[in-house]
1. Residues in the stretch B:130-156 that are of a type in the set (Asp, Glu) and either more than 19 Å from the chain's Cα centre (by Cα) or in a loop (DSSP other than H, G, I, E, B) (or both): how many?
2. Any residue that is in contact with a helix residue (DSSP H, G or I) (Cβ under 8 Å, 6 or more places away or on another chain) and polar (S, T, N, Q) - is there at least one of those in the stretch B:6-24?
3. Among the residues of the stretch A:38-53, is any within 14 Å of DNA strand C (Cβ to nearest atom) and modelled with pLDDT under 95?
4. Can you name the condition, by its number, that B:LEU82 falls short on among (1) within 16 Å of DNA strand D (Cβ to nearest atom); (2) within 14 Å of another protein chain (Cβ to nearest Cβ)?
5. Filter the stretch B:128-156 down to residues that are free of Cβ contacts under 8 Å to residues at least 12 places away in the same chain and facing chain A (nearest Cβ under 7 Å), then give me how many there are.
6. With (1) within 15 Å of DNA strand C (Cβ to nearest atom); (2) more than 24 Å from B:HIS9 (Cα to Cα) as the list, and B:ASP124 as the residue in question, which single condition is left unmet?
7. Please state which one of A:LEU89, A:LEU116, A:LEU150, A:LEU74 is under 27 Å from A:LYS29 (Cα atoms), among the aliphatic types (A, V, I, L, M) and at pLDDT 95 or above.
8. Does B:GLU118 satisfy the condition of being of a type in the set (D, E, K, R) and surrounded by fewer than 20 Cβ atoms within 10 Å (Cβ to Cβ)?
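The values are calculated or read from the model by the stated rules, or taken from the named source; none is laboratory data. The shown structure was predicted, so the numbers you read here are calculated from the model rather than taken from an experiment. Positions of Cβ are backbone-derived with ideal geometry, glycine not excepted, and every protein chain shown enters the neighbour counts.
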There are 2 protein chains.
Amino acid sequence: MTEHAHHQHNHNHCVKTAMENAALLCEEKGVRLTDTRKRVLELIWQGHEAVKAYDLIQQFSDGGTKPPTVYRALDFLLEQGLIHRIDSLNAFIGCPHPDHHDECGLQVLVCDECHLVEELHTHDAVSTIADAASATGFKVVRPVVEVHGLCEKCQA
Amino acid sequence: MTEHAHHQHNHNHCVKTAMENAALLCEEKGVRLTDTRKRVLELIWQGHEAVKAYDLIQQFSDGGTKPPTVYRALDFLLEQGLIHRIDSLNAFIGCPHPDHHDECGLQVLVCDECHLVEELHTHDAVSTIADAASATGFKVVRPVVEVHGLCEKCQA
DNA sequence: AATGGTTATGTTATATTATAACGCTTGTGT
DNA sequence: ACACAAGCGTTATAATATAACATAACCATT
């Protein structure tokens, strides 16, 4: 059984857990999880698919929420490690375990069909790459692995 | 000695080789390396740093070259494997070995200071990740590794 | 509860990156 | 020469993201 059985799960539980973790983490760090930030995080957690910034903006029911507001919230959430940015999609995804910050960088499987994103934590792989990098004199700061392909569902 | 001694090398040679390889490859594949495409490839090969699309556009001395022209050339060069797109930078880099298409996906070291990009080919790492991916039922199509950090020069 | 500093948000404008759509030109095979 | 496909020019616009400055909310200290 993998960490994420996406097929058939009570997603409300995912959202609830994520929001609780976020609240705790911000409490601990002494940073403020304001309404806007909370709202953006909730919207991102509507599913396990990566979400685009302008989709978030449109989902604000008030209709008056402007790009900078949302981008600022996204920046905050990124800084706190509550979400990740998927560069190859220009999109954002909730982090399921914002508490332990990752030594092995960000590793994600990205479905090209449905944009489902699942995290990996293959520590071996990244240390192999880090070694290769160091061998060339490069100082590794932030390894990112984005594996594109098809999720189980979309392999129909 | 690594593949790229960036510090002190005759870069004209890099460009020349790249252009020759490109010509050969296109010949072989029966696709046309037109003037625009050649020009864009040359401009990208002005250095080993990733180059932004709009910088390319501005570097066309005629001044009349418009975005679609350059983006079409970039699309062509990407399709032929003559360049790579660095998602985390929205930028492009020449591929030093467009002839053998890579089973281990794209792996690059990206300097956050100077945007120097160097390719890796750590086959092990990617197979480790691919295994982990397969274990979750994911079908890997295109693994991408972008390691951010500091190149030798920029570690001052 | 007033004061003042810091943090967060609102607002307007604009920068940056990329593509759609359409018509013309050029190349290629017959 | 002809027809078809591929490439390019041109205009407009979509999609993504940030700068700059004004206002408001928070909160620590008086």
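1. Of the residues in the stretch B:130-156, 2 are of a type in the set (Asp, Glu) and either more than 19 Å from the chain's Cα centre (by Cα) or in a loop (DSSP other than H, G, I, E, B) (or both).
2. No; the residues of the stretch B:6-24 include none that is in contact with a helix residue (DSSP H, G or I) (Cβ under 8 Å, 6 or more places away or on another chain) and polar (S, T, N, Q).
3. Checked against the condition, which is being within 14 Å of DNA strand C (Cβ to nearest atom) and modelled with pLDDT under 95, the stretch A:38-53 yields no hits at all.
4. All conditions are met except number (2).
5. Residues meeting the conditions: 10.
6. Failing condition for B:ASP124: (1).
7. Of the residues listed, the single one that is under 27 Å from A:LYS29 (Cα atoms), among the aliphatic types (A, V, I, L, M) and at pLDDT 95 or above is A:LEU74.
8. no
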